[in-house]
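Peer 1: This is the structure I have questions about; it appears just below.
The values are calculated or read from the model by the stated rules, or taken from the named source; none is laboratory data. Since the model is a prediction, treat every value here as computed from it, not as a measurement. Reconstructed Cβ throughout: ideal geometry from the backbone, glycine too, with neighbour counts over all protein chains shown.
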Amino acid sequence: MNLAFLASNNGSSLRSIVTAIEAGQLDARPVLVVSNRKAAPALAFAADHGVASRFIPTTADPDAADRRLAEALMAADADLVLLSGYLRKLGPATLAAFGGRILNIHPALLPKHGGQGMYGRRVHEAVIAAGECESGATVHLVDDQYDHGAVVAQVRVPLARNDDAAAVERKVMASEPGLFVDTLQRLVSGELRLPTTAV
């Protein structure tokens, strides 16, 4: 299975997945890393690990950038596109080309605590404010709305009564790499199938 990654910054999921591939724990091949930031550490990681990479800025002409992204992903022969902290909404060309084959991991139990503006520490602050006794991470399909696509897999993380947002963030972040790698391996093996979706 050919995997392409979109990352705006460090690309934590990218790093854990490529590491799992290199360790023989995941039967897949990283074929492309794309970032909308030229200085993103994810691009340096890709270079260090022999993975092709592209810088495609999205601010000047979002429609043209969307077309360039879709073309780059298709040229790389990507089977799945994985978002790894990609802080831009995907455009219609990319969604049309890879609808039902784009995955993101969100640091909460969707459909709770998702949507526009719900990223980073904000998610965990919302979990605390809601008085939740558990949180977790969700691998989901990406569509044209933030954190809206069908849930593919989840892991639940119990919370302590005195946990603050920083503690919740640490617990959830620790659960994410294993969830994403396990989900991908189950997809590769055929144990798990992606939900059908329409964009």
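Peer 1: Taking the condition in the same structural domain as A7 (by TED's automatic domain parsing), polar (S, T, N, Q), crowded, with 20+ Cβ neighbours inside 10 Å and within 17 Å of V152 (Cβ to Cβ), does S35 pass?
Peer 2: So S35 does not fit the description; no.
Peer 1: Checking the structure you have, find out if any residue of the stretch 41-56 is touching a residue at least 40 places away in the same chain (Cβ under 8 Å), closer than 22 Å to H148 by Cα and crowded, with 22+ Cβ neighbours inside 10 Å.
Peer 2: For the stretch 41-56, residues touching a residue at least 40 places away in the same chain (Cβ under 8 Å), closer than 22 Å to H148 by Cα and crowded, with 22+ Cβ neighbours inside 10 Å: absent.
Peer 1: Pick from H113, H124: which is farther than 27 Å from N2 by Cα, touching a helix residue (DSSP H, G or I) at 6+ places or on another chain (Cβ under 6 Å) and assigned to a loop (DSSP other than H, G, I, E, B)?
Peer 2: Of H113, H124, the one residue that is farther than 27 Å from N2 by Cα, touching a helix residue (DSSP H, G or I) at 6+ places or on another chain (Cβ under 6 Å) and assigned to a loop (DSSP other than H, G, I, E, B) is H113.
Residues are listed down the side, and each one gets a yes or a no for (1) hydroxyl-bearing (S, T, Y); (2) buried (at least 18 other Cβ atoms within 10 Å of the Cβ):
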residue	(1), (2)
D79	no, no
Y86	yes, yes
A108	no, yes
G115	no, no
R121	no, no
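Peer 1: Six or more apart or on different chains, Cβ under 7 Å: which pairs go from a residue in the stretch 143-164 that's more than 16 Å from V81 (Cβ to Cβ) to one that's surrounded by 14 or more Cβ atoms within 10 Å (Cβ to Cβ) and hydroxyl-bearing (S, T, Y)? Could you list them?
Peer 2: The qualifying pairs are V151/T138; A153/T183; Q154/T138; V155/S175; V157/S135; V157/S175; L159/S135.
Peer 1: For residues in the stretch 126-167 being more than 15 Å from the chain's Cα centre (by Cα) and polar (S, T, N, Q), which is nearest to T183 (Cα to Cα)?
Peer 2: S135
Peer 1: On the given criteria, is L110 at negative phi and at pLDDT 95 or above?
Peer 2: In short, yes.
Peer 1: Report, by residue number, each residue of the stretch 128-146 that is in a loop (DSSP other than H, G, I, E, B) and out of contact with any Pro (no Cβ under 8 Å at 6 or more places or on another chain).
Peer 2: A130, G131, E132, V142, D143, Q145, Y146
Peer 1: Please go through the stretch 44-72 and give me each residue that is of a type in the set (S, T, Y) and under 20 Å from the mean Cα position of the chain (by Cα), ordered by number.
Peer 2: S53, T58
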